[in-house]
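Down below is the structure, laid out as structure tokens.
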Amino acid sequence: MPRCYHCGERFDDLYKCDKCNQYYCYLHKDPINHECNIVKASLELQYSSNEPSHDYLNSHNQSSTNYAENISSTHQQQPNYQSSYSESSEIRGTTDGTFTWYRRESNIPDNAFSPNSGIEFKGILLPYKPEFLHLLIGSVLIYIIGLMGFYNPQNQQLLNDLGFGWIIFMVAGFYTTAFLFHEFGHRQVAIHFGLQTKFRLLKFGMIITAFGLLMGLISIASGVQGLPGLALPGAVVVLGLDKIDKKTGLCKAAGPTVNLIYGSILFAVSFLISIFPINLFIGMAASINFMLGLFNLIPIGILDGENIFKWNKKVYFFLVISMLILIIINYISIYLPPASNPYYI
């Protein structure tokens with residue numbers, strides 16, 4: 001039974017990637033899920049370092065053809081073949097006599113984010129610019145969307161009359177830090193495990209952010225306040241998370257966990273401050289963190305929830321239930337009638 005080139009697990013049916021010419025399981029068949037560009041770079045490094053002989057290349061081409069034919073046919077027990085390569089060469093023999101390169105973290109260039117690495121990062125805007133520039137652009141865009149989303153002419157006039165017109169800038173700042181702290185959570189845990197990681201602006205995310213800016217302008221022009229537009233200008237890119245294990249699970253869980261902790265701190269602080277409406281808006285800032293964390297726990301697509309759920313269901317449900325409980329308590333506290341609202345007392 002053949003193995004997935006990405007995770008190494010055995011599957012009856014594999015899918016060939018036309019870009020790197022390797023075979024993958026249904027979980028890793030899409031290029032984005034098996035880091036296709038890095039796979040191609042790794043193969044080139046291995047070819048250049050191993051320098052296989054002409055006879056070996058001929059035998060490998062023949063075995064690769066047999067391997068492709070076996071993918072679509074019924075797999076039967078084949079005699080074992082002994083590979084003449086050591087484990088350190090990253091080449092392992094399979095039961096049908098072919099050779100498959102199983103990618104390891106050591107195959108990722110040490111300078112993967114450098115323009116000299118030979119790796120092309122598709123879907124990333126300004127891929128080789130300094131991380132600080134990416135963070136600066138992303139932060140400014142999120143902050144602007146936060147200002148637009150929380151701005152309401154009537155409420156702002158009331159806040160100005162009370163001498164608290166600056167609060168909208170404070171809330172937009174909390175909105176920005178909720179996003180940044182979430183990404184920093186991923187980043188720092190990845191660094192702890194020795195993985196290469198950087199915050200990068202995403203092309204698709206910038207399209208979503210542009211739409212959020214447009215909705216903010218429409219909200220201001222119409223005088224109708226709404227929630228801040230969706231802002232996803234970038235994300236932390238982590239290299240080396242090859243399979244769903246404790247390392248991957250902790251890296252993914254770090255983002256929502258940071259939102260849970262940060263939101264809980266803000267929620268507690270909102271009750272310690274007796275100045276209205278500062279306490280109320282800090283409570284709203286706490287809800288932003290809880291909702292952002294809960295959104296990322298949805299177990300679909302590229303969100304954190306899918307990998308956390310597959311890694312450890314107990315951790316997943318602990319985070320989800322904690323977020324839900326705090327959102328409910330927070331919502332009740334904010335929208336209670338003034339006579340019984342803790343923020344008004």
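Packing here is the average count of other Cβ atoms within 10 Å per residue, and on that basis the peptides 5-14, 171-180, highest first, run 171-180, 5-14. Give the distance, in whole Å, between the Cα centre of region 145-182 and the Cα centre of region 234-293. Using only Cα atoms to place each centre, the spacing works out to 19 Å.
With a Cα cut-off of under 14 Å and a minimum spacing of 8 residues unless on different chains, the lysine pairs in region 125-335 number 9. Note on region 125-335: dipole from Cβ charges, positive end direction compared against 164, 276, 332; the farthest Cα belongs to 332.
Each of 166, 311 was scored by other Cβ atoms within 10 Å of its Cβ. Listed from fewest to most, they are 166, 311. Loop-located trypsin sites (Lys or Arg not before Pro) across region 102-187 with a Cβ neighbour count of 14 or fewer within 10 Å are 104, 122, with loop assigned by DSSP.
Each value in this text was obtained by applying a stated rule to the coordinates, not by laboratory testing. These numbers come from a predicted model, not from an experiment. Cβ: placed from backbone, ideal geometry, glycine included. Neighbour counts: every protein chain shown.
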